[in-house]
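Okay, so here's the structure we're looking at.
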């Protein structure tokens with residue numbers, strides 16, 4: 001039985017990389033064989049610049065088969081989406097007539113890890129630009145602040161629930177807030193504006209600086225020493241006048257109390273939590289009592305915020321059970337009536 005008359009190479013490339021950034025085998029195939037495409041593109045231009053001929057055709061299947069019949073091999077420059085419909089049509093045609101050609105899929109380039117972050121930035125730019133989403137264009141860093149907190153709390157809930165699928169989705173919502181804040185910052189006055197690249201660049205530089213055991217060959221004896229190095233480098237980067245500098249005072253009160261007490265203890269300061277003054281009102285006495293409770297929890301190695309959250313969730317479950325019982329009782333009463 002005669003073998004196939006030739007081959008059709010479906011050349012797929014990443015739309016997120018420069019058009020001329022192809023592998024050596026990809027350059028060999030486009031330079032050595034006729035190349036067809038469905039439309040003009042940066043990739044088609046790059047291939048032409050490299051000395052190959054590219055024919056744009058609105059009828060890819062018959063033209064590819066005709067090119068194979070004449071030259072033995074034809075190369076198709078796939079569009080940004082990969083031209084799956086064309087590949088399916090060709091596959092079905094060649095399955096019915098296997099002697100026409102073989103279909104070969106070749107990756108000329110592929111997405112590096114994190115490439116879809118570029119898509120997120122591009123989509124947000126469109127949404128926050130003229131002609132995009134009026135709601136997003138009307139936002140400010142201040143108006144978005146509560147949404148950033150809400151999304152972080154929802155991600156936290158997914159972690160507590162051990163729901164990794166939900167966590168992936170919620171982290172996407174957190175990322176949306178980061179990308180939107182960065183896009184809005186591009187509208188700031190000259191000299192004040194910054195972009196997502198500034199955010200990412202600062203993060204990269206910080207990770208490299210604060211992990212010298214990875215990037216600078218620093219010898220460490222364990223995780224405790226890594227943490228100590230991190231804090232030492234952080235202190236050098238941001239000299240502070242108080243052990244409490246850098247504490248987020250807008251966080252929930254129990255978590256804030258635990259953070260402040262931790263900073264005080266780490267600094268070795270002998271500052272006990274204050275007692276309510278004589279004649280203090282009920283709010284002051286309650287606050288002092290709660291702070292003492294948090295201090296006691298820390299001394300016992302417990303997380304007061306997590307403990308209270310757990311108690312609230314347990315109570316919420318009891319409330320829901322009571323609601324269900326009341327509903328069933330009411331339903332039974334209606335049926336009995």
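Nothing in this text is a laboratory measurement; each read-out follows from the coordinates by a stated rule. Quantities reported herein were computed from a predicted structural model and do not represent experimental measurements. All Cβ positions, even for glycine, are placed from backbone atoms using ideal geometry, and neighbour counts span all protein chains on display.
A simple packing score, the average count of other Cβ atoms within 10 Å per residue, orders the peptides 213-219, 78-84, 56-62 as 78-84, 56-62, 213-219, with the highest score first.
Our summary gives the chain a relative contact order of 13 percent, counting only alpha carbon pairs under 8 angstrom and 6 or more residues apart. When 153, 147 are sorted by how many other C-beta atoms sit within 10 angstrom of their C-beta, beginning with the fewest, the order is 153, 147.
Remark: relative contact order (segment 2-101) = 43 percent; criterion is Cα-Cα distance under 8 angstrom and separation of 6 or more residues.
Ranked for footprinting exposure by Cβ neighbours inside 10 Å, fewest first, 190, 328, 154 give 190, 328, 154.
What order do you get for 39-52, 312-325 when each peptide is scored by the mean count of other beta carbon atoms within 10 Å, highest first? Please report the intermediate quantities before stating the final value.
On the way: 39-52: 15.6, 312-325: 10.1.
Top to bottom by mean Cβ count within 10 Å: 39-52, 312-325.
Each label was represented as a point 7 Å from its Cα along the Cα-to-Cβ direction; for residue 248 and residue 61 these points are 5.6 nm apart.
Find how many whole Å separate the alpha carbon centroid of segment 223-293 from the alpha carbon centroid of segment 40-73. Segment 40-73 and segment 223-293 have Cα centres spaced 68 Å from each other.
In this simple spin-label model, placing a label point 7 Å from the Cα along the Cα-to-Cβ direction at both residue 330 and residue 129 gives a separation of 5.3 nm.
Here 106, 124, 207 are placed in order of increasing Cβ neighbour count within 10 Å, fewest first, which gives 207, 106, 124.
With helices as the sole contributors, the chain gives -19000 deg cm²/dmol at 222 nm; each DSSP H run of n ≥ 4 counts as -39500 (n - 2.57), and the sum is divided by every residue.
With 28 Å as the cut-off, how large is the P(r) tail for the chain, expressed as percent of Cα-Cα pairs?
Working: 38730 of 56616 pairs.
Here the tail beyond 28 Å accounts for 68 percent of pairs.
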